[in-house]
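Visitor: Here it is, the structure, as structure tokens.
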Amino acid sequence: MAAIVLKTKEEIELMRESALIVSKTLGMLAAEIKPGITTLKLDKLAEAFIRDHKAEPGFLGLYDFPNTLCMSPNAQVVHGIPNDTPLKEGDIISIDCGALKNGFYGDHAYTFEVGEILPEVKKLLEVTKVSLYKGIETFRAGNRLGDMGYAIQNHCEKEGYGVVRELVGHGLGQIMHEGPEVPNYGKRGKGKKFQEGMVLAIEPMINEGTHRIKQLKDGWTILTADGKASAHFEHNVALVDGKPELLSTFQYIYGALGIKSEEELPYRKEPLLV
Ligand code: MG
Ligand code: MG
């Protein structure tokens, strides 16, 4: 894992721009996701959209990843490769997207519902998303990485869910994966102290069943060991004036889906006009 690089306020503004390109891309995709569409089609739409916004796809070619989006349906946790299989009613699809602009990366993810999904899977998505905000809430001066990991883990394990151990969040900046590693599990009061100017990609990966995972022979796709569903939500957050400030937003997604949510308000200086 690369070094921790603290950002100036000017750099954080550039990172907000990169993050918002990803947010808008996910919002564009939200309107396209329906039974019958393929993940490869969504990938092509995303690539064109990012380039139209004078940015580069952040994942394409990174560690030789072949596409713009990581597309991980159902039991896939992360790093799924887009393909020709149409999405079907009842699927969930984690879409992770990166964009590079002005030398800085944005990187965040949302797990979408395809049509009507099972209530128990809906609950997994809700709990995972809430755990992301529980983690963000701890990103404050004086706290430590273990406080964040504990908050996420405690919220999810209470529901009997498995917290993936092998994959973690990360620092974000001019390199996609900067330090520190940001585990979704941990002990309160342990680990590195948060510092002003840190920018983190916080990304709980939570399984309906066991926390154990396996990898497909494609060398990329991570899936649950028991074949049960997995959810993944990711935000980009800066530590500014001792407090967490969201650089990314799900409001473009919510706009496309007709959802009203105030979940981001505590972590934003000004209301976001979408
Ligand atoms: Mg990501
Ligand atoms: Mg990430």
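Visitor: Can you give me the long-range amide H partners of residue 94? Hydrogens built in the peptide plane at 1.01 Å from N, cutoff under 5 Å, separation of 5 or more residues or another chain.
Guide: Residues meeting the amide H criterion: 72, 74, 112.
Visitor: Show me, for region 266-274, the HN-Hα J-couplings you get by feeding each phi into the Karplus relation (A = 6.51, B = -1.76, C = 1.60, θ = phi - 60°), rounded to Hz, glycine and proline as x.
Guide: Along region 266-274, the couplings run x, 10, 9, 5, 10, x, 8, 8, 9 Hz.
Visitor: Here's a follow-up. Can you quote the Å³ per residue value for the convex hull of the Cα atoms in region 100-144, rounded to an integer? Numbers along the way, then the final one.
Guide: Working: hull volume 4.5 nm³, N = 45.
So the per-residue hull volume is 100 Å³.
Visitor: Ok, one more. Multiply the residue separation of residue 10 and residue 263 by 0.36 nm, subtract the distance between their alpha-carbon atoms, and state the gained length in nm to one decimal.
Guide: Taking residue 10 through residue 263 to full extension adds about 88.5 nm, to one decimal.
Visitor: For region 91-182, just say rounded, prolate or oblate: build the C-alpha gyration tensor, square-root its eigenvalues into a ≥ b ≥ c, call rounded for a/c under 1.5, and beyond that prolate if a/b exceeds b/c, oblate if not. Each step should come with its number before you reach the end.
Guide: Details: a/c = 2.44, a/b = 1.24, b/c = 1.97.
Taking the square roots of the gyration eigenvalues as a ≥ b ≥ c, region 91-182 is oblate.
Visitor: Summing Lys, Arg as +1 and Asp, Glu as -1, what charge do residues with Cβ under 13 Å from the Cβ of residue 263 carry, residue 263 excluded?
Guide: Numbers: positive: 129, 134, 260, 268; negative: 126, 137, 262, 264.
Combined, the nearby Lys, Arg, Asp and Glu give 0.
Visitor: Okay, next question. Please label the shape of the chain as rounded, prolate or oblate, based on the square roots a ≥ b ≥ c of the eigenvalues of the alpha-carbon gyration tensor (a/c under 1.5 means rounded; beyond that, a/b larger than b/c means prolate, else oblate). Walk me through the intermediate numbers first.
Guide: Numbers: a/c = 1.43, a/b = 1.15, b/c = 1.24.
Since a/c stays below 1.5, the shape of the chain is classed as rounded.
Visitor: So who's got an amide H within less than 5 Å of the one on residue 38, skipping anything under 5 residues away but keeping other chains? H placed 1.01 Å off N, in plane.
Guide: Amide H neighbours of residue 38, under 5 Å, 5+ apart: 87.
Visitor: Can you sort 176, 198 from fewest to most other Cβ atoms within 10 Å of each residue's own Cβ?
Guide: Result, fewest neighbours first: 176, 198.
Visitor: Residue-wise, which Karplus ³J(HN,Hα) couplings in Hz belong to region 190-207, taking 6.51 cos²θ - 1.76 cosθ + 1.60, θ = phi - 60°, and x for glycine or proline?
Guide: 10, x, 5, 6, 6, 10, 3, x, 5, 10, 10, 9, 9, 8, x, 10, 10, 9
Visitor: Can you work out ³J(HN,Hα) from phi for every residue in region 22-37, in order, using Karplus 6.51 cos²θ - 1.76 cosθ + 1.60 and θ = phi - 60°, giving whole Hz and x for Gly and Pro?
Guide: Rounded to whole hertz, the list is 5, 4, 5, 4, 5, x, 4, 5, 3, 6, 9, 6, 7, x, x, 7.
Visitor: Can you list the GluC sites (Glu not before Pro) in region 1-63 that are in a DSSP coil and have 16 or fewer other beta carbons within 10 angstrom?
Guide: Listed in order of number, the matching sites are 32.
Visitor: Can you list which of the trypsin sites (Lys or Arg not before Pro) found in region 187-228 are DSSP loop residues with at most 13 other C-beta atoms within 10 Å?
Guide: Numbers: sites: 187, 188, 190, 192, 193, 212, 214, 217, 228; in loops: 187, 188, 190, 192, 212, 217, 228.
Hits after loop and neighbour filter: 187, 190, 212, 217.
Visitor: Long-range amide H contacts for residue 226: which residues qualify at under 5 Å (H placed 1.01 Å from N, peptide plane, sequence gap of 5 or more or a different chain)?
Guide: Placed amide hydrogens put 210 under 5 Å from residue 226.
Just so you know, all these numbers are worked out from the coordinates, no wet-lab data involved. Please read all numbers here as calculations on a predicted model, not as lab measurements. We place every Cβ from the backbone using ideal geometry, glycine too, and count neighbours over all the protein chains shown.
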